[in-house]
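The values are calculated or read from the model by the stated rules, or taken from the named source; none is laboratory data. Keep in mind that this is a model prediction, so the values were computed, not measured. Cβ sites come from the backbone with ideal geometry, for glycine too, and all protein chains shown count toward neighbours.
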Amino acid sequence: MRYSHPVSEPQIQTLGIVGAGQMGTGIAQVAATAGVSVVLVDLQPEWAQKGVARVGATLDKLVQKGKLEKPARDEIAGRIRAGTGYEDLAVCDFVIEAATEKQDLKLAIFRELDKVVRPGAIIASNTSSISITLLGAQTRRAERVIGMHFMNPVPVMKLVEVIKALATDEATYQTTLALARRFGKDVVTAKDIPGFIVNRLLIPFLNEACFALQEGLGTVDDIDKGVKLGLNHPMGPFELADLIGLDTCLSIAEVLQRELGDDKYRPAPLLRQYVAAGWTGRKSGRGFYKY
């Protein structure tokens, strides 16, 4: 069965987000700021509630810094509500999955979303490496499935990668482009090949920094300083890896090696060690740096 839909797309009024972590709450913030109503859900309802509270706290900081007026803060926060389960996404015109970068988890989420999200609505994934075509194949609406990869932190970073799966239709693509631009983002379009554009280039770079550290080429500080001053990057590779999450970097590297079949993407043993130790970066309080 394939859902039919009109070529002329109405403007998105209600956005659903699955995953109340850093990425999901960031997407919720930019969507609500753009005037879109947001339903935020997670595996546990209390996680969604905490996610909504985190957005409120972020908005409060903007008010304190004079970057946002209090009435505007309240309007934005008022557009975001925590759902208790996937069934609350039935009212949504567009749903973005922003769960942990684990393929089996995302496949299961897409199967569940297809059951509850209304016919004709678009389901997107914020995945940074997993096949959009594979995710779409879990549904009865593969033509309405697309990749919408936001950068971290979402409210600050201007880029969104839009990834067309094998079956994604033109109406879905154009609607997604329009939504990203409504959020104030610049857009690039990538083929559905693991890593897309940004992570296809970024993860081997971060991984090579881990190999360099492992080999004693330089210290963490020296490698980061060399990249910042020598390449004019705003952050060094270890600072950036800690921000992204070393577990996420490892997951993406594993996808690249497995799906592209090239050992040049093999994760550095040191990266595996840090993840095994639970040193996953800022979110755990320790990565290549201590926080």
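Computed quantities for the displayed model
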item: Qualifying positions in region 241-261 - over 20 Å from A99 (Cα atoms) and assigned to a helix (DSSP H, G or I); result: Q257, R258, E259, L260
item: Verdict on L206 being closer than 22 Å to V160 by Cα, touching a strand residue (DSSP E or B) at 6+ places or on another chain (Cβ under 7 Å), assigned to a helix (DSSP H, G or I) and not assigned by TED's automatic domain parsing to the domain that holds N126; result: no
item: Strands (runs of 3 or more DSSP E) enclosed by region 20-115 - at least 3 residues per element that are touching a strand residue (DSSP E or B) at 6+ places or on another chain (Cβ under 8 Å) and under 23 Å from T127 (Cβ atoms); result: 37-41, 94-97
item: P153 being within 17 Å of the chain's Cα centre (by Cα), more than 17 Å from L240 (Cα to Cα) and in a loop (DSSP other than H, G, I, E, B); result: no
item: Meets criteria (in contact (Cβ under 8 Å) with a residue 60 or more places away in the chain, surrounded by 17 or more Cβ atoms within 10 Å (Cβ to Cβ) and either assigned by TED's automatic domain parsing to the domain that holds G26 or touching a Cys at 6+ places or on another chain (Cβ under 9 Å) (or both)) for L179; result: yes
item: Single residue of R272, R286 found to be surrounded by fewer than 18 Cβ atoms within 10 Å (Cβ to Cβ) and either among the polar types (S, T, N, Q) or touching a residue at least 12 places away in the same chain (Cβ under 8 Å) (or both); result: R272
item: For E161: the one exception among (1) within 16 Å of K185 (Cβ to Cβ); (2) in a loop (DSSP other than H, G, I, E, B); result: (2)
item: Residues located in region 45-104, provided they are among the charged types (D, E, K, R) and in contact with a helix residue (DSSP H, G or I) (Cβ under 8 Å, 6 or more places away or on another chain); result: R54, D60, E69, K70, R73, R79, R81, E87, E97, E101, K102
item: Verdict on D224 being among the charged types (D, E, K, R) and touching a helix residue (DSSP H, G or I) at 6+ places or on another chain (Cβ under 7 Å); result: yes
item: Residue match in region 152-162 (condition: modelled with pLDDT under 95 and in the same structural domain as Y86 (by TED's automatic domain parsing)); result: yes
item: Where a residue in region 37-50 is modelled with pLDDT of 95 or more and its partner, wherever it lies, is of a type in the set (S, T, N, Q), with Cβ under 7 Å and at least six apart; result: S37/Q13; S37/T14; V39/T14
item: Subset of region 209-234 [without any contact (Cβ under 8 Å) to a residue 12 or more places away in the chain and surrounded by 14 or more Cβ atoms within 10 Å (Cβ to Cβ)]; result: A212, G218, G226, K228, H233
item: Filter pass, V275 being aliphatic (A, V, I, L, M), assigned by TED's automatic domain parsing to the domain that holds L105, at pLDDT 95 or above and under 23 Å from the mean Cα position of the chain (by Cα); result: no
item: Check on V55, in contact (Cβ under 8 Å) with a residue 60 or more places away in the chain and either buried (at least 19 other Cβ atoms within 10 Å of the Cβ) or touching a His at 6+ places or on another chain (Cβ under 8 Å) (or both); result: no
item: Within region 126-141, considering residues that are more than 13 Å from the chain's Cα centre (by Cα) and free of Cβ contacts under 8 Å to residues at least 40 places away in the same chain, the one nearest to T100 (Cα to Cα); result: L135
item: Within region 64-88, tally of residues that are buried (at least 16 other Cβ atoms within 10 Å of the Cβ) and more than 24 Å from the chain's Cα centre (by Cα); result: 1
